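**Q** The structure's right below; bear with me while I get my questions together.
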Amino acid sequence: MGRLRFELDDHRRWSLWYYGDGAPVPLIRDAEIVTWLADRALGLTDLEDSTVGSRRPPGGDAIVVRGRAAGVWVEAEFLTAGAAEAPQAVVTVTVFPDRYLPSVKGIRFFQLPEAGVLGGPGPLVALVNGYHSLDPCRVVAVGAPEAAGLTSHGALGLTRATRGLAIAFDAGEPGEARVQLRPEGLEAASEWLPTRPLRPEGDASRMRLSFDPQGDGLTALRALFVPSSPVDQDRLAQAVAPAGWCSRQELAGSVSEADVVANTDFCAARFDRRFFRYVEVDDGYQRAAGAWDTNDKFPHGHAWLTDQIHAKGFKAGLWLAPFAVAERSGVPAEHPEWLLRDASGPVVCDTRESWGGAIYALDGAHPKVQQWLFDLARRVVRDWGYDYVRIDALRWATLGTGHYGGLTHAEAYRGGLGAIRDGLGTEAFLVGSAAPLQHAVGLVSGMRIAPDVAASWGGLQPAARAAGLRSFYQRSAWLDDPDCLVVRPPLSPAEAQAWASLVAVTGGLTFFSDNLPKLPPERLGLLQRTLPVAAVAGRPIDAAAVERDVAPAIVVGSDAFPLKGPWRFRTGDDAAYRAREFDEAAWETIPVPQRWNEAGHRDYTGFGWYRTRFSLPSLVPAKGVYLELGKIADADEAFLNGVKVGQTGDFPPGDRGASQAYRRYRVASETLNWGGDNVLALRVFGGGSGGGGGSGGLWSLHRDAPPRTWVVEGAPRWWTVVLVNWEDEPLATSLPLAALGIAGARFTAYDVWRDAPLADLKDAVAVTLEPRSALTLGVRPAAARPLVIGTTRHVVQGAIDVTEETWDAATRTLAAKATNLDQRAYGVTVAVPKGMRPGTCKADVPCTVRRLETGHAVIEWAAGGDGRDIKWELSFRSTTSARSTRSHE
């Protein structure tokens with residue numbers, strides 16, 4: 001690793017350079033720091049009595065600029081840190097009062113053209129982080145039309161060629177930090193919204209940077225988010241991620257007390273309670289938002305239900321939306337002063353009948369609200385008996401135009417979160433959801449970092465993508481929650497295996513959310529192989545790359561024929577609208593993409609139809625033909641020339657993740673009029689549970705495909721690699737092992753789901769993946785001696801059940817200890833070099849040995865274990881000496 005160095009010019013503009021083996025690399029060039037006061041933008045050159053000095057804090061070197069103007073003192077510290085996985089730097093701007101307490105709007109750290117950031121050849125690519133935890137991330141080229149106006153919140157990853165630069169902002173500061181992409185470049189700032197007076201002791205904002213000279217923006221973010229304290233690093237690395245069942249996905253808001261008890265009983269009979277620890281009750285139990293005691297579907301109440309869960313050996317979890325209070329809860333009427341407001345009065349966040357009507361948001365800055373939140377959290381754990389709490393809809397805590405005491409959105413949000421954390425105590429596990437991310441760090445144990453999944457191939461992909469692009473948070477800020485692990489039909493077995501593999505390699509929260517008593521029995525084994533959750537943080541490969549957007553279009557291979565519109569629209573529903581012959585000329589014209597509430601149909605819930613006409617060239621497609629539409633809220637049916645070609649979601653919507661799914665439908669070539677005119681009709685039901693904000697329609701054209709490759713090192717030099725084909729056609733791929741960070745001459749390979757050895761690998765994995773499937777491999781350096789290459793216990797090889805592996809050359813004996821076993825059948829596959837054959841197996845629990853045609857040995861326990869560790873050893877004999885003896889005879 002090289003080092004970073006700050007430079008200041010005569011105008012107090014700052015630059016950051018990387019000095020390594022080659023030519024210096026400019027990371028930030030000629031940036032100006034500006035403090036926004038109420039009536040003035042104050043730069044460092046505007047300071048009077050200014051000085052430039054240096055400091056040597058532990059572990060780094062700093063340049064300090066200090067001066068006063070406009071009634072304040074401003075200090076800017078430019079620190080470079082040495083001890084880190086990648087070179088890092090910190091820019092801290094502190095504002096102190098001088099004669100009075102002016103209002104502060106925020107701090108701008110830089111505003112630069114694209115060429116002024118991460119200099120070098122090639123386009124600058126940005127990994128844009130969504131505001132709250134359910135907002136998607138984007139990967140775009142800075143300066144491209146689709147990047148204009150995008151804002152990255154709390155963190156940003158930048159890539160140019162093979163170099164990565166990460167930018168992030170600390171939790172606990174007054175502002176909400178963001179980097180905005182503009183046509184003319186990038187602007188990084190911490191905005192104090194709403195504006196507030198400077199505190200007597202001063203205020204500070206801090207921007208941190210990390211550079212990876214041989215990576216990308218995601219690898220740089222991963223290095224930047226490693227905790228500075230070794231104690232915190234060890235704590236998060238060894239943290240046990242919760243695993244269990246929740247009612248959120250299949251049962252959703254219809255869940256009843258009987259459903260929870262039935263699933264609890266099922267789990268007690270089929271899962272290992274050492275590792276399957278939680279049963280979570282999600283949305284649907286409450287009388288109303290803000291009145292969190294149970295409704296008629298849960299007649300015995302919370303304490304009775306947690307007693308049932310605890311009696312089965314599990315911990316109990318509860319979902320809440322603590323900042324939400326609905327009309328029927330009585331809180332808005334009794335305490336109107338607690339509510340967030342804008343110019344028109346109390347802010348209405350949403351209207352949901354199942355939540356109690358119109359929903360308002362509590363002001364987390366109000367002392368009595370903080371006490372109410374504290375008391376609610378204390379009641380949840382002490383009176384109701386829950387051990388785990390998931391708090392949702394946290395983004396509503398930052399609404400409105402002001403907060404009690406003049407605090408900013410960030411301060412009010414963090415104040416409310418802190419009250420909940422204090423009320424729960426130190427033992428309860430706290431998970432955030434729909435949460436602004438920057439200021440949740442340090443207050444939550446886990447964080448939902450992805451949109452809702454759905455039990456469909458398209459419904460898994462947004463969560464899979466988010467798990468990759470937000471993997472830098474995992475075991476650095478908290479434990480990531482990629483959302484539920486669902487494996488039920490209509491997912492195919494291959495699709496379910498793929499999602500189980502991805503959830504397992506993330507090492508994050510693992511909650512099953514099918515209605516398990518109704519789950520096909522053969523799917524149960526997929527869930528069992530993700531337990532216990534491996535203490536890992538899997539890495540996606542090449543996730544920070546820009547993809548080509550083509551929707552809406554007819555796609556044939558690499559050719560795309562855009563559907564340019566105009567798009568006609570009307571509300572209502574009539575089967576005649578699907579027909580090719582129907583005349584839609586009198587319908588209104590609607591923009592695509594855009595939710596229909598933004599196009600004049602505010603608060604409309606129901607059916608809407610889109611129609612557009614297009615021409616195609618004369619050709620006979622040699623490849624598959626697809627209709628690519630984009631993302632639609634909530635459910636849709638697509639008709640080409642009157643023929644139905646695809647559907648996503650139900651009518652009315654019951655698929656919580658359908659609005660995030662990219663619509664890509666296979667089309668029979670004869671359905672289209674090649675060389676002539678065609679008609680697309682799209683029937684949409686919007687504004688339901690999946691639409692978000694009470695809106696519907698064709699709202700996004702971006703596919704946002706998930707990463708195709710993940711890798712995790714479950715044990716030293718024992719990797720699990722997941723290769724996913726997200727397409728509807730077979731995919732031939734050749735992946736260099738070096739791209740996975742795997743170096744060596746030759747490697748063994750093990751197919752995890754088939755429990756079968758594969759041919760040894762040299763420098764690449766070359767395979768053709770079936771459509772909508774994944775290949776999950778165990779990869780380990782080959783050796784001239786027998787060694788374990790895979791087991792049937794867990795998806796993540798080497799992390800769970802094989803320890804103390806030794807080879808005794810004198811006795812030709814391989815020995816190891818199998819840990820964490822349960823009563824399932826268990827097998828260990830061993831690579832056997834040429835010239836050796838397996839002999840007998842000795843173990844604490846009787847085992848058998850089977851020799852494969854490939855020469856590998858499989859040690860098997862038909863009944864698994866009883867939870868105790870099993871020590872085993874397998875002897876080998878030389879086939880060379882045996883042949884030599886026979887020849888002498």
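The values are calculated or read from the model by the stated rules, or taken from the named source; none is laboratory data. The shown structure was predicted, so the numbers you read here are calculated from the model rather than taken from an experiment. Here the Cβ positions follow ideal geometry from the backbone for every residue, glycine too, while neighbour counts run over all protein chains shown. With ligands, DNA and RNA removed, areas are computed over all heavy atoms of the protein, side chains included. Shrake-Rupley method; radii C 1.70, N 1.55, O 1.52, S 1.80 Å.
**Q** For a quick check of your reading of the model, give me the residue pairs whose first member lies in segment 719-737 and is free of Cβ contacts under 8 Å to residues at least 40 places away in the same chain, whose second is among the acidic types (Asp, Glu) and surrounded by fewer than 22 Cβ atoms within 10 Å (Cβ to Cβ), with beta-carbon atoms closer than 8 Å and at least 6 apart or on different chains.
**A** Here the result reads PRO736/ASP763, each pair linking segment 719-737 to a residue that is among the acidic types (Asp, Glu) and surrounded by fewer than 22 Cβ atoms within 10 Å (Cβ to Cβ).
**Q** Also, quick follow-up: THR811 fails exactly one of the following numbered conditions: (1) open to solvent by less than 50 Å² (accessible area, probe 1.4 Å); (2) in a loop (DSSP other than H, G, I, E, B); (3) modelled with pLDDT of 95 or more. What is the number of that condition?
**A** The single condition THR811 does not satisfy is (1).
**Q** A follow-up question, please. Can you name every residue in segment 592-613 that is open to solvent by less than 50 Å² (accessible area, probe 1.4 Å) and under 12 Å from ALA681 (Cβ atoms)?
**A** Of everything in segment 592-613, those that are open to solvent by less than 50 Å² (accessible area, probe 1.4 Å) and under 12 Å from ALA681 (Cβ atoms) turn out to be GLY608, TRP609, TYR610, ARG611, THR612.
**Q** Can you tell me how many residues within segment 772-808 are among the hydroxyl-bearing types (Ser, Thr, Tyr), open to solvent by less than 40 Å² (accessible area, probe 1.4 Å) and assigned to a strand (DSSP E or B)?
**A** Residues meeting the conditions: 3.
**Q** Say we look at segment 237-259 and pick out the residues that are part of a helix (DSSP H, G or I) and modelled with pLDDT of 95 or more; which of these is least open to solvent (accessible area, probe 1.4 Å)?
**A** Going through the qualifying residues, I end up with GLU257.
**Q** Same structure, new question: As an exercise: evaluate VAL91 against (1) open to solvent by 10 Å² or more (accessible area, probe 1.4 Å); (2) closer than 18 Å to GLY175 by Cα; (3) modelled with pLDDT of 95 or more; (4) of a type outside the set (Phe, Trp, Tyr) and give the number of the one condition it does not meet.
**A** (1)
**Q** Tell me yes or no: at least one residue of segment 260-267 is outside any helix (DSSP H, G or I) and open to solvent by 10 Å² or more (accessible area, probe 1.4 Å). Walk me through it before giving the result.
**A** Going residue by residue through segment 260-267, those that are outside any helix (DSSP H, G or I) are none.
Looking through segment 260-267, none of the residues is outside any helix (DSSP H, G or I) and open to solvent by 10 Å² or more (accessible area, probe 1.4 Å).
**Q** Of the residues that sit in segment 47-92 and are in a loop (DSSP other than H, G, I, E, B) and without any contact (Cβ under 8 Å) to a residue 24 or more places away in the chain, which one is nearest to PRO197 (Cα to Cα)?
**A** We begin by selecting, within segment 47-92, every residue in a loop (DSSP other than H, G, I, E, B); these are 47, 56-59, 70-71, 82-87.
Right, trim to without any contact (Cβ under 8 Å) to a residue 24 or more places away in the chain and you get 56-58.
On the way: ARG56: 32, PRO57: 30, PRO58: 32 Å.
Filtering segment 47-92 for residues that are in a loop (DSSP other than H, G, I, E, B) and without any contact (Cβ under 8 Å) to a residue 24 or more places away in the chain, the one nearest to PRO197 (Cα to Cα) comes out as PRO57.
**Q** Return yes or no: is THR151 open to solvent by 20 Å² or more (accessible area, probe 1.4 Å), without any contact (Cβ under 8 Å) to a residue 40 or more places away in the chain, over 18 Å from ARG206 (Cβ atoms) and not small (Gly, Ala, Ser)? Working first, answer last.
**A** On the way: open to solvent by 20 Å² or more (accessible area, probe 1.4 Å): yes; without any contact (Cβ under 8 Å) to a residue 40 or more places away in the chain: yes; over 18 Å from ARG206 (Cβ atoms): yes; not small (Gly, Ala, Ser): yes.
For THR151, the condition - open to solvent by 20 Å² or more (accessible area, probe 1.4 Å), without any contact (Cβ under 8 Å) to a residue 40 or more places away in the chain, over 18 Å from ARG206 (Cβ atoms) and not small (Gly, Ala, Ser) - is met.
**Q** Which pairs have Cβ atoms under 9 Å, sit 6 or more apart or on different chains, and link a residue in segment 243-269 that is farther than 19 Å from ARG390 by Cβ to one that is assigned to a strand (DSSP E or B)?
**A** Between residues of segment 243-269 that are farther than 19 Å from ARG390 by Cβ and residues that are assigned to a strand (DSSP E or B), the close pairs are PHE266/TRP245.
**Q** Kindly indicate whether SER210 is assigned to a strand (DSSP E or B), open to solvent by less than 10 Å² (accessible area, probe 1.4 Å) and under 21 Å from ALA397 (Cβ atoms).
**A** no
**Q** Return a yes/no flag: does segment 305-317 have any residue that is open to solvent by 10 Å² or more (accessible area, probe 1.4 Å) and over 30 Å from ARG274 (Cβ atoms).
**A** No, the conditions are met nowhere in segment 305-317.
**Q** Can you go through GLY425, GLY458, GLY446, GLY432 and tell me which one is in contact with a strand residue (DSSP E or B) (Cβ under 8 Å, 6 or more places away or on another chain) and either basic (Lys, Arg) or more than 19 Å from ALA243 (Cβ to Cβ) (or both)?
**A** So the residue among GLY425, GLY458, GLY446, GLY432 that is in contact with a strand residue (DSSP E or B) (Cβ under 8 Å, 6 or more places away or on another chain) and either basic (Lys, Arg) or more than 19 Å from ALA243 (Cβ to Cβ) (or both) is GLY458.
**Q** Checking THR768 against (1) within 25 Å of the chain's Cα centre (by Cα); (2) open to solvent by 40 Å² or more (accessible area, probe 1.4 Å); (3) closer than 30 Å to VAL625 by Cβ, which test does it fail?
**A** Condition (1) is where THR768 drops out.
**Q** Which count do you get for residues in segment 428-482 that are closer than 30 Å to LEU629 by Cα and in a strand (DSSP E or B)?
**A** 3
**Q** Among the numbered criteria (1) open to solvent by 20 Å² or more (accessible area, probe 1.4 Å); (2) farther than 22 Å from GLN497 by Cα, which single criterion is violated by GLU727?
**A** Here GLU727 meets the rest and fails (2).
**Q** So if I check each of ALA440, ALA434, which one is touching a Lys or Arg at 6+ places or on another chain (Cβ under 9 Å), at positive phi and modelled with pLDDT of 95 or more?
**A** Within the list ALA440, ALA434, the selection yields ALA434.
**Q** On the given criteria, is ARG754 modelled with pLDDT of 95 or more, open to solvent by 60 Å² or more (accessible area, probe 1.4 Å) and more than 28 Å from SER878 (Cα to Cα)?
**A** Criteria met by ARG754.
**Q** For ALA622, only one of the following conditions fails: (1) at pLDDT 90 or above; (2) among the aliphatic types (A, V, I, L, M); (3) out of contact with any Pro (no Cβ under 9 Å at 6 or more places or on another chain). What is its number?
**A** Looking at each condition in turn, ALA622 falls short on (1).
**Q** Report, by residue number, each residue of segment 623-650 that is in a loop (DSSP other than H, G, I, E, B) and in contact (Cβ under 8 Å) with a residue 40 or more places away in the chain. If you could, list the steps in order and put the result at the bottom.
**A** Just the residues of segment 623-650 that are in a loop (DSSP other than H, G, I, E, B), to begin with: 623-624, 634, 641-642, 649-650.
Selection gives LYS623, GLY624, ASP634, ASN641, GLY642, GLY649.
**Q** Would segment 458-469 turn up any residue that is more than 29 Å from PRO436 (Cβ to Cβ) and of a type in the set (A, V, I, L, M)? Before the answer, list the steps.
**A** As a first pass, look at segment 458-469 and keep what is more than 29 Å from PRO436 (Cβ to Cβ): none.
Among the residues of segment 458-469, not one is more than 29 Å from PRO436 (Cβ to Cβ) and of a type in the set (A, V, I, L, M), which makes the answer no.
**Q** Give THR159, THR151 a once-over and let me know the one that is under 29 Å from VAL104 (Cβ atoms) and among the β-branched types (Val, Ile, Thr).
**A** None of the other options fit; the residue is THR151.
**Q** For VAL486, work out the one condition from (1) at pLDDT 95 or above; (2) open to solvent by 10 Å² or more (accessible area, probe 1.4 Å); (3) farther than 18 Å from VAL536 by Cβ; (4) not aromatic (Phe, Trp, Tyr) it doesn't fulfil.
**A** Of the numbered conditions (1) at pLDDT 95 or above; (2) open to solvent by 10 Å² or more (accessible area, probe 1.4 Å); (3) farther than 18 Å from VAL536 by Cβ; (4) not aromatic (Phe, Trp, Tyr), the odd one out for VAL486 is (2).
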